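Everything below concerns the one structure shown next.
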Amino acid sequence: MESIQKTLTNLGETLASADFWLGIGWIVIKIVLILIAAKLVMNLGRVMIGRVLSHRTMRMDERRGKTIIALMLNVMRYVVYFLVALMILSNVGINVTTLIAGAGVAGLAIGFGAQSLVKDILTGFFIIFEDQFGVGDNVMINTNLQIRGTVEEVGLRISKVRAYTGEIHIIPNSQIQQVTNYSKTNSLAVVDVFVAFEEDLQRVFAVMKEVGLQVQSENENVVGEPQVLGVQNIGPHEVTVRMTMDCKPMEHYGVGRELRHKIKEAFDREGIEIPYPKQVALFPGQSDMDEKKKVAAAGS
């Protein structure tokens, strides 16, 4: 009973002391100053990151720029919050060294159990930062797996790719070993056309060139002039003529289909023969009857 009364007496004396309240006030002031400094650092960091990424030597497309800015701001925010928490705990009187040591041991234990997660996040960071691929790109991931399609989402842990048949592949970033991006540069439409041996090749070249120029003027996905490369192959029944045309990324399929359609129409219009296999059925005695008819017709 006496000890409790003594404790209450000491507590009352402490609360009545001006030094105690001055100390509390000073701690509160330091915490407020720490929070203000953290806010200023965050604003300054946001401005600096924006200026660095908007500099002409670091200029990039809007989609990638927003992604990298958001990622860097999140990392900066976590670092600043961690330092602010340590400084506040230190001013309150808590030994942060012990906390850091305990957090290191706990982090080591968690790290051993979450190595794949950490690897996913690190790989995802470099995928975004290096702009290996982005949303809307047509890619092939890992040639041994043959995952081909359009990128639906790029995250720090996983990436999603939609195949042309509709299914979505969800891939942990750490499993992405090789990426082929078909949307980075212009594509090339390659069209091979078969013509008969009897056709005048120079006339064939001229007709194909004319068709290519027509497609170039009508199709906005064409970025270069058509090139009739000449004879690509000579087969047993046909001559193969190759034509190419530069197109926007991933637009060569549609341009190639349009070229084939218009070349077929032009060949029909100009009377250029496209060879195709023919079969003739002869019945017993049919050839003799035909010869007799021909002789009779000639005699008459």
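In the context of the full set of protein chains, residues of the range 165-209 present 57 Å² of accessible surface per residue (probe radius 1.4 Å, heavy atoms only).
Going by accessible surface with a 1.4 Å probe and the largest first, 86, 33 read 33, 86. Residue 268 sits with roughly 90 Å² accessible to a 1.4 Å probe, with DNA, RNA and ligands left out of the calculation.
Quick check: at a probe of 1.4 Å, how many percent of the accessible area of the range 120-243 sits on carbon and sulfur atoms? Please list the in-between numbers first.
Numbers: 3430 of 6800 Å².
Percent of accessible area from carbon and sulfur atoms in the range 120-243: 50.
In what order, largest first, do 205, 126, 267 sit by accessible area if the probe radius is 1.4 Å?
Result of the area sort, largest leading: 126, 205, 267.
Compared with the direct C-alpha span, the chain from residue 250 to residue 200 gains 14.6 nm at full extension, assuming 0.36 nm per residue. For the set 209/248; 184/264; 39/160; 119/160, the pairs lying more than 27 angstrom apart at their alpha carbons are 184/264; 39/160.
Using heavy atoms of the protein chains and a probe of 1.4 Å, the accessible area assigned to residue 229 is about 110 Å².
Rank 185, 150 by accessible area, highest first, at a 1.4 Å probe radius? Could you put the intermediate results ahead of the total?
On the way: 185 95, 150 50 Å².
Most to least solvent-accessible, the answer reads 185, 150.
Taking 0.36 nm per residue of sequence separation and removing the Cα-Cα distance, the residue 157/residue 73 pair yields an extension gain of 28.5 nm.
Using heavy atoms of the protein chains and a probe of 1.4 Å, the accessible area assigned to residue 225 is about 110 Å².
The values are calculated or read from the model by the stated rules, or taken from the named source; none is laboratory data. All of these numbers come straight from a predicted model, not from anything done at the bench. Remember, those area values only see protein heavy atoms, side chains included, never the ligands or the DNA or RNA. Shrake-Rupley method; radii C 1.70, N 1.55, O 1.52, S 1.80 Å.
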